[in-house]
Amino acid sequence: MATVELKGLGKTIGQTPIVRDVDLAIGDGEMLVLVGPSGCGKTTLLRLVSGLEEAGAGEIWIGGRRVDRLPPARRDVAMVFQSYALYPHMTVRENLAFGLTLRKLPRAEIDSRVEEAAALLELTALLSRRPRQLSGGQRQRVAMGRAIVRRPAVFLFDEPLSNLDAALRAQVRVQLQQLHRRLGTTSIYVTHDQVEAMTLADRIAVLRAGELQQVGRPLDLYRQPANRFVAGFLGSPAMNVLPATARGQGGELRAVGDGFALPLPAGAVAPGRELLLGVRPHDLSLVLEGGALSGLVEAVEILGWEAFVQLRVGGNAVLVRA
Ligand SMILES: Nc1ncnc2c1ncn2[C@@H]1O[C@H](COP(=O)(O)OP(=O)(O)O)[C@@H](O)[C@H]1O
Ligand SMILES: [Mg+2]
């Protein structure tokens, strides 16, 4: 096991900065989940750590050792990709053993590592099958098994569940969580799925256009997003954001916007200040009279276990969970 430290890490391709000045320290045994929209540089960041891509700036440290000048094989990391990249002509056992055979480990050692990983991933009964005889979820477990048998200091996961359908994704997500608890291997897990991020992460790092926006525990990010981007990225449906101005009225402070005037804590901001009010649909409730906000119902979506009501408040659309 090992810590991972990224210091001022950067990568520019052509004229375009893809990863910008990333500082990040990941604890021994920690599961850090890196999230962000498509194209924001998540895969590139993992490839920098693994050594598949050369850093343009900064340093990478793994287990107290500087590795950014070392070739991938000497960094002691194992990457699990979105595409499983299994060898189609090999059995599950051969796929699991392949990397160890290349490294010329003794046969008995290879066998025991393969058996152990297979047991951990519930693949024992499938060891003599070939990839085409496996379901998507089973293939993904073989891909993870190949990383596990190497016993690396760090796992790098690049959207490993994104090719699975929703039901299977939920199932493998839980297995991954249990696996991490058992092995305790330091991991960087990339996803654009906020449910995966919230449920798997010890800490979440949010990336936007190659720049870190915020790093913290899942609920801290959910409750105290550092900026509007993070606020909009975590939580479904997204947070309502209402433009307003702070106004002092007879010793009371209010956020006044189009169609509403909400009380603010005294001294929270200077009167005259422009604000963005962020309110999650789940933190609002509907009342027939005397509410703080009032609006016209424009649409209702009933999901069975909950419903969402779309209100028009002045010029603002406000979603309420009901
Ligand atoms: N080899 C490359 N050459 C040119 N542009 C690239 C290359 N690799 C990635 N990019 C660009 O870098 C950005 C980040 O890509 P990527 O790291 O794959 O994002 P993500 O994994 O978050 O979707 C994208 O705009 C992509 O087009
Ligand atoms: Mg990617």
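State which residue is farthest from ARG150 (Cα to Cα) when the search covers only the stretch 79-102 and only residues that are among the hydroxyl-bearing types (Ser, Thr, Tyr) and in contact (Cβ under 8 Å) with a residue 40 or more places away in the chain.
Going through the qualifying residues, I end up with SER83.
In the stretch 278-293, which residue that is in a loop (DSSP other than H, G, I, E, B) and exposed (fewer than 15 other Cβ atoms within 10 Å of the Cβ) is nearest to the chain's Cα centre (by Cα)?
Going through the qualifying residues, I end up with SER285.
Just checking, does the stretch 217-235 include any residue being touching a residue at least 60 places away in the same chain (Cβ under 8 Å) and more than 12 Å from the chain's Cα centre (by Cα)?
no
To keep it simple, each residue is scored yes or no on (1) within 16 Å of ligand 2 (Cβ to nearest atom); (2) touching a Pro at 6+ places or on another chain (Cβ under 6 Å); (3) among the β-branched types (Val, Ile, Thr).
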{"position": "VAL77", "(1), (2), (3)": "no, yes, yes"}
{"position": "PHE81", "(1), (2), (3)": "yes, no, no"}
{"position": "LEU86", "(1), (2), (3)": "no, yes, no"}
{"position": "HIS89", "(1), (2), (3)": "no, no, no"}
{"position": "GLU109", "(1), (2), (3)": "no, no, no"}
{"position": "ALA117", "(1), (2), (3)": "no, no, no"}
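Any residue in the stretch 156-173 that is under 24 Å from VAL22 (Cα atoms), more than 16 Å from ligand 1 (Cβ to nearest atom) and either among the hydroxyl-bearing types (Ser, Thr, Tyr) or part of a strand (DSSP E or B) (or both)?
Checked the stretch 156-173: no residue is under 24 Å from VAL22 (Cα atoms), more than 16 Å from ligand 1 (Cβ to nearest atom) and either among the hydroxyl-bearing types (Ser, Thr, Tyr) or part of a strand (DSSP E or B) (or both).
Across the stretch 294-304, what is the number of residues that are more than 15 Å from ASN240 (Cβ to Cβ) and either in a loop (DSSP other than H, G, I, E, B) or in contact with a helix residue (DSSP H, G or I) (Cβ under 7 Å, 6 or more places away or on another chain) (or both)?
2
Within the stretch 15-53, take every residue that is buried (at least 22 other Cβ atoms within 10 Å of the Cβ) and more than 16 Å from ligand 2 (Cβ to nearest atom) and give me the one that is nearest to GLU159 (Cα to Cα).
Checking each candidate, the answer is MET31.
Would you mind finding the one in GLY58, GLY29 that is touching a Ser or Thr at 6+ places or on another chain (Cβ under 7 Å), touching a residue at least 12 places away in the same chain (Cβ under 8 Å) and of a type outside the set (Lys, Arg)?
Just one listed residue meets the conditions, GLY29.
Only the coordinates and a few stated rules stand behind these numbers; no lab work does. Quick caveat, the model's predicted, so the values are computed rather than measured. In this analysis, Cβ positions are derived from the backbone assuming ideal geometry, glycine residues included, and neighbour counts consider all displayed protein chains.
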